[in-house]
Amino acid sequence: MRISKVYLIAVFVFLFTGLKATSVTDSLEQLLTTAQDTVKVKLLSDLCWEYRFISADTALQYGNMALELAREINYPKGIAQAYNDMGIIYIDRSYYSKAIGYFQKAMEIRQKQNDKAGMASLYNKIGIVYQKQGKLKEALQNQISALKIYEELGQDLWIGYCLNNIAIIHLNLGNLEKSLEYNLEALKYREKMNDVYGKAGSYGNIANVYLKMKDTAKAVSYYNNALTTFRQIKNNEAISAMLSNLGNIYLAQGKNRKALELLNESLEIREKMGDKKAISSSLLKIGEAYTNLGLYDKAAAALYKAMNIAKKIKVLEEETSAYLVIAKMYAMKGNLDSAFAYTRRYIVLKDSVYDQRLKQQIVEVQVKYETEKMERDNQLLSQQIQLKEARLKQRKTEVLLLIFLVISITGAAIFFFYRRHQKQKAALNAEIIRHNQEQLKAVITGQENERRHIARELHDSVGQRLAAIKLGWEKVAKHLQNSENYRDLREMVDMLDTASKEVREISHQMMPKELEQFGLPSAIKSMLDAALKNTGISYEFNHFGLEKRLPPTVELNLFRILQELTSNVIRHAEADKIDIQLLNRNKKLVLIFEDNGKGFDPGSSSGGIGMMNIESRVKAMDAEMDIESHPGEGTTVRIRIPVNE
């Protein structure tokens, strides 16, 4: 657990912040060049964290490298840490489902290792994500689990944070007295630990409770105290939250221009930080202020943007609020049809959310009733069984001894027969796999030989003949300079020149000379430059441990695979960036190919000829491939190839 990485946000939960100095990343990257095994995993994980506010893409690349290496050396703690760090980055990007998935994978490892501090930290983070999604019951359950562990460990700093988070959840649930009680208890721990961040956060949270209690004066006072402290320590996320809260109060008081001043400053900070839920919330309030001032065009722009963000990140509370404020705007404009339409959307969505929660409560009550009834029935049945067992105990013992003897003899015979059968089956399967691989390698070798033959024929035969025709034609054209058709003749010479260039390009694509002469990294870079030119797609290609040449078949297969993957991105992905990593370590070559395109569902996609060719080459190299993709979240392809250098 990284204690230095987490602290409190005034409205919601922990803040995962911190400015990452370039000197730190440079030092870590320098250490990385000589590090090995678990030390290297830790450095990669630290680089993932340090790059969080510099480049999220680079941070995820280092996180994936840490994960791959930790898996390779069977280092569970490193695997859990990599999942943890990447989960935090996905929170920053508002990919909440993905963050939950990564945290749960980390939790499984922490539980197996009985890492209590790590488990508590993960419960806390999972609670944070659920709270951002508005799933308050799940958030409260996870925060209470974290609090119990921290109390067991006697970690006062984190007890204060958990108490604070629980207070915020009670506030959202409407338990105001309970929220104030937890907030005051959290403040005691923070004063005891001299936790400046925590104390400032508690001021803001206490202000939230007073606001709910309709004590606006105390709320404004506490918000201003919190804002002053957060400005002093330059905590931008908390500053934006306090500005938003004060803006909301002024908005409710009808001081719309004062509210706009504060809300716009808050929005500017949130847009820089990329917190989509918070951006949607600020835009809603800004749209409401513009509506109150009669500036309907500005109001519409803010409100529709807020609504679209809420839909995209699937936060129903913000989407519902957007419908209601948009309806209010149209009503004030006198556009009653649109106002009615958005009011209807608001009612339908709110009813849907209410129905879901009601059904969940009914199910929970029913399960509780059925569980209690089952326990009573089980007790009665248990008593009856005990009575029967007492009567049959002696007879059972005799029968069981006889059965055990028969089963032992029969089981031994079956075991030896099954073992022999499995050995024969395994040998047959191994031979079938070897035969299939040999056939696959032969087909691929044949294809590549045919490519070489066609490329050679195009270059040496067709290309030379076109060049000869061009020279001859130029000679004829030179004698006809005064002819009326001389211009047409020159155009035909240019056409011959273009055809010659196209033949050379096709020849090089079928069998790139750069791959044979300079090796795989150089050939990949040239292929990407040529393929992505004029497409608007940028790329980043990093490779490690490729100082020596790989076996020719591996280089060729990898080059063809990357050609096909790049072609698929250009034709289908609608991406604007590709990230490629090629790592060679401990006789294993790992290719990671990522794009930020529209993604797809690997389970429902059968793939085309290109994907079949990729799978054939992967099988021919006795390699492993997995594809991770979700609609709207890009695609990641990982290939692991055994290499005997």
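Below are the figures for this structure:
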{"read-out": "Which listed residue, of 494, 529, is at pLDDT 65 or above and not assigned by TED's automatic domain parsing to the domain that holds residue 560", "value": "494"}
{"read-out": "Pick from the stretch 270-279, criterion among the aliphatic types (A, V, I, L, M) and at pLDDT below 90, ranking: nearest to residue 312 (Cα to Cα)", "value": "278"}
{"read-out": "Identity of the residue in the stretch 622-645, touching an Asp or Glu at 6+ places or on another chain (Cβ under 7 Å) and assigned to a loop (DSSP other than H, G, I, E, B), that ends up surrounded by the most Cβ atoms within 10 Å (Cβ to Cβ)", "value": "634"}
{"read-out": "Residue that is surrounded by the fewest Cβ atoms within 10 Å (Cβ to Cβ), among those in the stretch 159-194 that are free of Cβ contacts under 8 Å to residues at least 60 places away in the same chain, within 17 Å of residue 139 (Cα to Cα) and hydrophobic (A, V, I, L, M, F, W, C)", "value": "173"}
{"read-out": "Cβ-Cβ under 8 Å pairs, at least 6 apart or on other chains, the stretch 553-578 side closer than 14 Å to residue 635 by Cβ, far side of a type in the set (S, T, N, Q) and part of a helix (DSSP H, G or I)", "value": "564/613; 578/566"}
{"read-out": "Residue within the stretch 102-111 that is free of Cβ contacts under 8 Å to residues at least 24 places away in the same chain and either acidic (Asp, Glu) or closer than 21 Å to residue 186 by Cα (or both) present", "value": "yes"}
{"read-out": "Flag for residue 599 being assigned to a loop (DSSP other than H, G, I, E, B) and touching a Pro at 6+ places or on another chain (Cβ under 6 Å)", "value": "yes"}
{"read-out": "Qualifying residue in the stretch 127-134 (condition: outside any helix (DSSP H, G or I) and either surrounded by 24 or more Cβ atoms within 10 Å (Cβ to Cβ) or not β-branched (Val, Ile, Thr) (or both))", "value": "yes"}
{"read-out": "Residues that are touching a strand residue (DSSP E or B) at 6+ places or on another chain (Cβ under 9 Å) and either of a type outside the set (S, T, N, Q) or not in a helix (DSSP H, G or I) (or both), drawn from the stretch 96-126", "value": "125"}
{"read-out": "Helices (runs of 4 or more DSSP H) fully within the stretch 137-241 counting 2 or more residues that are touching a Ser or Thr at 6+ places or on another chain (Cβ under 8 Å)", "value": "156-173, 176-193, 196-212"}
{"read-out": "Residues satisfying the stated conditions in the stretch 521-542, i.e. among the hydroxyl-bearing types (Ser, Thr, Tyr) and in contact with a helix residue (DSSP H, G or I) (Cβ under 7 Å, 6 or more places away or on another chain)", "value": "522, 526, 535, 539"}
{"read-out": "Qualifying position, being touching a Phe, Trp or Tyr at 6+ places or on another chain (Cβ under 9 Å), within 30 Å of residue 34 (Cβ to Cβ) and surrounded by fewer than 20 Cβ atoms within 10 Å (Cβ to Cβ), among 525, 588", "value": "525"}
{"read-out": "Flag for residue 317 being closer than 30 Å to residue 197 by Cα, in a helix (DSSP H, G or I) and at pLDDT 90 or above", "value": "no"}
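The values are calculated or read from the model by the stated rules, or taken from the named source; none is laboratory data. Computed from a predicted structure; not experimentally measured. Cβ coordinates were reconstructed from backbone atoms using ideal geometry, including for glycine residues, and neighbour counts include every protein chain displayed.
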